[in-house]
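Written below as structure tokens is the structure these notes are about.
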Amino acid sequence: MAEYVKFEDFKKLDIRIAKVLKVEEHPNADKLYVLTITTGESEKTIVAGIRQHYKPEELTGRSIVIIDNLEPAVIRGVASNGMLLATKDGQSLAILVPEREIKIGSPVS
């Protein structure tokens with residue numbers, strides 16, 4: 001059974017829609033991409049372990065769901081300033097995306 005999270009803690013997460021501007025292979029890891037994204041207000045870099053599931057051209061220009069206020073981390077030498085949200089079922093992975101066109105930077109609630 002999953003551990004419960006208080007609603008007040010959930011509200012601390014800044015989950016929003018971002019757009020992928022650029023996708024690069026991580027220089028130090030064969031399963032990671034370095035994504036340049038925009039939230040409409042700023043550009044940032046996030047590192048995501050989705051390289052085995054997506055080609056760069058499948059991600060570039062796409063709207064995705066991110067956690068925008070995750071504490072920055074250095075992942076195998078590259079700074080990551082957020083987290084892309086995805087789901088995995090066995091070997092299949094799918095990134096979370098809005099079901100229709102929505103303004104970049106829109107909050108997810």
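Throughout, read-outs are computed from the coordinates displayed, never taken from laboratory work. Treat the numbers as computed from the prediction; the structure is a model and nothing was measured. All Cβ positions, even for glycine, are placed from backbone atoms using ideal geometry, and neighbour counts span all protein chains on display.
Values computed for the structure shown
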{"item": "Label of the coordinate-derived value, percent of Cα pairs over 19 Å apart, listed as (i) 45; (ii) 51; (iii) 39", "result": "(i)"}
{"item": "Taking region 14-109 and dividing mean pair separation by its residue count, relative contact order in percent (alpha carbons under 8 Å, at least six apart)", "result": "33 percent"}
{"item": "Within the chain, helix-based [θ] at 222 nm, where runs of 4 or more DSSP H residues each add -39,500 (n - 2.57), nearest 500", "result": "-1000 deg cm²/dmol"}
{"item": "Cα centroid separation, region 1-26 to region 65-84 (Å)", "result": "10 Å"}
{"item": "Per-pair calculated FRET efficiency, R0 = 30 Å: residue 87 and residue 38 via Cβ, rounded to 0.05", "result": "0.80"}
{"item": "Region 7-95: Lys pairs at Cα distance under 14 angstrom, eight or more positions apart or on different chains", "result": "4"}
